[in-house]
Each structure stands twice: as structure tokens, then as C-alpha cells.
Amino acid sequence: MFGPKSDLERLKKWDWDKVSESPEWRAEQLAFHYFFNVLMCTTDQNGWTMTGCHFSQRGLNTLLVVKAEHEGTPLVAFQTEQFPTGCVRSFCRRYLDQRVEWRKDKFAKT
């Protein structure tokens with residue numbers, strides 16, 4: 001069987017209490033929330049507007065591309081890790097530490 005009910009039944013077999021106790025899992029969930037529900041929804045905070053992101057596979061690694069505008073200038077930043085979750089966590093860490101290396105986005109539509 002395929003569909004939402006079947007998917008939910010499969011997921012119920014996981015021991016979610018055990019999974020959610022893992023500090024690694026909790027850090028990933030917090031990073032996901034911050035990245036997708038805070039950063040990607042940022043519009044004009046201190047001159048910054050996040051305009052999008054995408055993931056792509058690069059061999060055995062994942063590339064995260066984040067696009068933004070700062071005071072009207074289109075910028076792009078890159079983060080590579082083994083898994084998409086690692087990309088999100090690393091990007092959030094760098095963003096919060098103000099260590100993201102932004103480059104002018106030469107492919108931005110102007």
C-alpha cells in the first residue's frame with residue numbers, strides 16, 4: 001500500500017521518544033526550524049532579505065545554495081556537507097556567527 005495512511009503506519013513503528021532524546025536530532029530540528037521558518041522568511045531585517053535556496057547532489061556530498069539581497073545587492077552563499085541536514089546546520093552556525101562568505105550573484109535577475 002502507498003499513501004498517507006500507509007506512511008503514517010510505517011512511521012509509528014519508530015521509537016520517537018528514543019529518537020527525540022538524541023542531542024544530534026534535536027540540534028537538526030532546531031537548525032531546520034531556524035533555517036526554514038526564520039531565515040528563509042526574513043524580509044528586510046537590517047537590510048537583509050533572503051530570496052531563496054536550493055540543494056543539489058555533488059557526488060557523495062550535498063551543496064546548499066542560499067540567495068539573499070543586502071541593501072539591494074543580490075548575493076549568494078554556498079555550503080557543502082555530506083548530507084542536507086549538515087548543510088543546514090553548518091549554514092545556520094556560520095550565519096549566527098556572522099561568518100557566511102557572501103558573493104555577488106552574477107546570475108541574479110536584475
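Since every read-out is calculated from the coordinates, none of them should be taken as a lab result. Here the structure is a predicted model, which means the values were calculated and not measured. We place every Cβ from the backbone using ideal geometry, glycine too, and count neighbours over all the protein chains shown.
Odds and ends about this structure:
- Whole-Å distance, taken between Cα centres, linking segment 78-110 and segment 1-41: 22
- Dipole moment magnitude, nearest 20 debye, the chain about Cα centre, only Lys, Arg, Asp, Glu C-beta charged: 300
- Average silhouette area of segment 18-104, convex hull of alpha-carbon atoms, in square nanometres: 6.0
- Principal axes of segment 16-68: Cα extent on each, largest first, Å: 41, 31, 13
- For K13, the aspartates and glutamates whose Cα comes closer than 17 Å to its Cα, not counting residues fewer than 8 places off in the same chain, are E21.
- Within the same chain, lysines fewer than 8 places from K109 are excluded, and of the rest, those with a Cα less than 22 Å from its Cα are K67.
- Modelled this way, with points 7 Å down the Cα-to-C-beta line, the labels at S22 and V38 are 2.3 nm from one another.
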